[in-house]
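Student: Here's a structure for you.
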Amino acid sequence: MTATTGQPATGEHPNHNLTGFIIFLCSESVIFLAFFSGFALLKTSALNWLPAGVDGLEWRMPLINTVVLVSSSGTIWLAERCMAKGNLPGFRAFWLLTMALGAYFLYGQAVEWGGLQFGFTSGVFGGTFYLLTGFHGLHVATGVFLMGLMLVKSFIPQNYAGGEQGVQATSLFWHFVDVIWIILFVLIYVWQRS
Amino acid sequence: MTPEFMTSATFPASPPENRSWTRYFGFNTDAKVIGIQYIVTAFFFFLIGGLLAMIIRGELITPAADLVDRTVYNGIYTMHGTIMLFLFIFPVLNGLNNLLIPTMIGAPDMAFPRLNAVAFWLVPIFGSLLIASFFVPGGPAYSGWWSYPPVSIQNPLGHFVNGQGLWLTAVALSGVSSIMGAVNFVTTILRMRAPGMGFFRMPVFCWTALAAQSLQLIGLPALTGGAVMLLMDLSFGTSFYQAEGGGDPVLYQHFFWFYSHPAVYVIILPVFGIFSELFPVYSRKPLFGYVYVSLASFIIVGLGLIVWVHHFFTSGVPQWMRNLFMVNTMLISVPTGVKVFAWLGTIWRGKLRLTTPMLFCLGGLFNFVFAGITGVMLATVPVDIHVSNTYFVVGHFHYVIYGAAVMGIFAAIYHWFPKFTGRMPYEGLGKLHFLLTFVGANLNFLPMHPLGLMGMPRRVSSYDPEFAFWNVLASLGAFLLGVSIIPFLLNMVSAWVRGPKAPHNPWNAIGLEWLLPSPPPEDNFGEHVPTVISRPYGYGTGEPLVENQAEIERQLTLQEASA
């Protein structure tokens, strides 16, 4: 009997969770692909891209945010390495640091939104800006929430003794959110001229 | 195989305790229960969608708009299309996936049973939401099942809760449910196959399900993204699709058809799977060109993703795009043709048994070939521009969906009914159902082609009297289709309640699911998954499918004799 067939008949089959999650992430990436291509199409075909009174986006603060998010991909990798070595306190420390960086990113995004001269309904420029950053922000918030969940689960004795697929999945999700942001940053902040 | 298995007199495991009929009405994680829940729910909505179709054809039997108000008519055809696609055909196919995939690959259940149950229970939820839109001020959505802006972003009454908004919410929930299902089916097929079952020993139905569910995973998110933007335009004042605000209405058409064209393959691919399973059984010959039929599914996936623009050649798309998508669309007929020839090769000089499932398969194949011919016509840009938005398109589409897909689904239901209910359906009623369906479908949908060529537009409740002749024929065909459902329902209900008991393999078919008792125990093979040693469809070769096949069949027969 191989490992693929000797499953219990009821309940989840734990060794398939990661497979399922990776398939889901591939699918999720298509939503972003749709938004990105919609953004590019609307921007290249627009007659007046920027609404009246707006002359572009401030990029310094978002750049700091980018650095924060990219480095959080590094800290989550360190957390996973600690876990692989059985160093649970080290895992918790880096995991918490990653959560803090994620939270800072969300804070930075909120501050940026607060200082903008245009709103959600300010033409296609405003609509796509808030849609893209908002949808991505939702994913960051989900990532931070999932990390919180995994952190709590790490306090259950012996729970993570043999590694934990939830941690792997969360980490994968976080790298995904990070890559999406880099594309988004290039599209929205670097590519400003139409 | 363990020696314990060889001597076990109780193999396969005796049916577990909770076999009460009430389990079909609750949150159950057994794929076989969920499968039947999906199919029964789908047919409930099929009756509603069918009733709307009867109203449409009742209106069109006379040239004047005399049965319903024009605005109501707009709502009725919109809801007919939406219900039939999102609440009938996708759920009924997911029901078949749930029943067939685990049993065909020898898995005890789906990879994620709870997720599976949640995905199912979303169907009645968004179904109720959609039906509820009949009762909100302004009525249901009336912009057609594709909801193109600018029509779909009108909200003349100004209510925040309106038919179009509910439509978008329901379609989004349907997308969530389908994604959950797709993740589950793909994971199950990739990870839970029986020992020895490599990809090229997998039944074609599983190949086509894998292909179709991959399409769901790639296409659906695009529709969801597009629908979110449409909802923003409708309810929150953005202008993604409003030309006056700098937006682009054609962008929505790209998003919509990027999913909704592949959606047609999501529907037809499993039906190709059903044809490939059933023709060998009822012709007593191996499937002709098994490897090519399997691989053709994925060629269809690849090509199916790059043809979507052929739905809006008339929406001001550049000429290079029209040419490119015309050629891509025509190319799809190559892998599809491979399959049709494989089925013909299978039937050719076979020992045909004209049972109800076989009749539905043959009828479905006949209709599909006709739909394929009009499909190539429609792919041609000049023809398409001439017949765009006419009844020619409606006729083509219904030949694919009703003529081929629904008939294939009926074939599958009759074929696997004994396996999952433990009862035999009645042949007489089944054949009557086939006759009414086949005649009704052709009488209903064939006249739409001359109507379209003459220039009758779709989505109108009144028309020029010159179109009356063909419309009367079409309406008569539709009413025949309406009647055809009566012998079907009668057959299903009475067979399930008091039909003759089914043996484990009534059709003398080859496949893992036929090595289980009818109905199978909750965990299918449990710990005793047989090892697959050859390709499927070894009809007439005498080659066993699994190790110890003779012993397994002897045990099953003994068990049936003692029951």
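Taken together, the values in this text are just the output of simple stated rules run on the coordinates, not laboratory data. Worth saying up front: this structure is predicted, and the values here are computed from it rather than measured. Cβ coordinates were reconstructed from backbone atoms using ideal geometry, including for glycine residues, and neighbour counts include every protein chain displayed.
Student: Tell me the trypsin sites (Lys or Arg not before Pro) within segment A:18-122 that lie in a loop according to DSSP and have at most 16 other beta-carbon atoms within 10 Å. Kindly include the intermediate steps, with their values, before the conclusion.
Tutor: Values: sites: A:LYS43, A:ARG60, A:ARG81, A:LYS85, A:ARG92; in loops: A:LYS85.
Passing sites in segment A:18-122 are A:LYS85.
Student: Here is a follow-up. Can you give the charge dipole size of segment B:35-562 about its Cα centre, rounded to the nearest 20 debye, using +1 on the beta carbon of Lys and Arg and -1 on the beta carbon of Asp and Glu?
Tutor: 940 debye
Student: Okay, moving on. Which whole-number percentage describes the relative contact order of segment A:57-190, with Cα contacts under 8 Å and a sequence gap of 6 or more?
Tutor: Reported relative contact order: 32 percent.
Student: Classify segment B:440-563 from the C-alpha gyration tensor, please: rounded if a/c falls under 1.5, else prolate or oblate depending on whether a/b exceeds b/c. Provide the component values of the computation, followed by the final result.
Tutor: Numbers: a/c = 4.22, a/b = 2.56, b/c = 1.65.
It is prolate, given that a/c is not under 1.5 and a/b is the larger ratio.
Student: What stretch of chain A, leaving out the sites themselves, is the longest with no chymotrypsin sites (Phe, Trp or Tyr not before Pro) in a DSSP loop having at most 12 other Cβ atoms within 10 Å? Spell out each step's value before the answer.
Tutor: Working: sites that count: A:PHE155, A:TRP191.
No qualifying site falls inside A:1-154, the longest such stretch.
Student: Express the C-alpha Rg of segment B:79-183 as a ratio against the empirical globular expectation 2.2 N^0.38 Å, rounded to two decimals.
Tutor: Segment B:79-183 yields a ratio of 1.26.
Student: Per DSSP H run of at least 4 residues, take -39500 (n - 2.57); add these up for chain B, divide by its residues and hand me the 222 nm value, nearest 500 deg cm²/dmol.
Tutor: -21000 deg cm²/dmol
Student: Compare A:GLN165, A:GLN117, A:GLN109 in a GNM of chain A, Cα atoms joined below 10 Å, and give the one with the largest fluctuation.
Tutor: Result for chain A, Cα springs under 10 Å: A:GLN117 fluctuates most.
Student: Using the 2.2 N^0.38 Å rule of thumb for compact globular proteins, work out how segment A:57-190 stacks up: its C-alpha Rg over that value, please.
Tutor: 1.16
Student: Further question: Can you pull the three principal axis extents for the Cα set of segment B:35-562, in Å, largest first?
Tutor: Here the Cα extents, ordered largest to smallest, are 73, 45, 45 Å.
Student: Please list 3J(HN,Hα) in residue order for segment B:497-504, calculated via the Karplus relation 6.51 cos²θ - 1.76 cosθ + 1.60 where θ = phi - 60°; whole Hz, with x for glycine and proline.
Tutor: 6, 9, x, x, 5, 8, x, 5
Student: Next up: Between segment B:246-300 and segment A:127-181, how far is it from one alpha carbon centroid to the other, in angstrom?
Tutor: 35 Å
Student: Taking the alpha-carbon centroid of each part, what is the distance from segment B:482-508 to segment B:128-159 in angstrom?
Tutor: 39 Å
Student: Let me ask something else about it. Given axes a ≥ b ≥ c from the Cα gyration tensor, I'd like to know whether the protein assembly as shown is rounded (a/c under 1.5), prolate (a/b larger than b/c) or oblate.
Tutor: Details: a/c = 1.96, a/b = 1.13, b/c = 1.74.
Oblate, since a/c reaches 1.5 and b/c is not below a/b.
Student: To continue, here is another question. Give the calculated FRET efficiency between A:TYR107 and B:ASN323 to the nearest 0.05, with a Förster radius of 56 Å applied to their Cβ-Cβ distance.
Tutor: That pair, A:TYR107 with B:ASN323, gives E of 0.65.
Student: Separate question: Report, in listed order, any pair from B:LYS339/B:LYS501; B:LYS32/B:LYS501; B:LYS351/B:LYS431; A:LYS85/A:LYS153 with a Cα-Cα distance greater than 26 Å.
Tutor: Exceeds cut-off: B:LYS339/B:LYS501.
Student: Using every pair of alpha-carbon atoms in segment B:413-458, split the distances into 10 Å bins beginning at 0 and state the percent of pairs per bin, rounded to integers.
Tutor: The distribution over segment B:413-458 is 23, 29, 22, 17, 9, 0, given as percents.
Student: So, one more: Just need the relative contact order of segment B:184-270 here, percent rounded to a whole number, with Cα pairs under 8 Å and 6+ apart.
Tutor: The value is 35 percent.
Student: Where is the GNM fluctuation largest for chain A (alpha-carbon springs, 10 angstrom cutoff): A:LEU97, A:LEU33, A:LEU172?
Tutor: Greatest mean-square fluctuation among the candidates belongs to A:LEU33.
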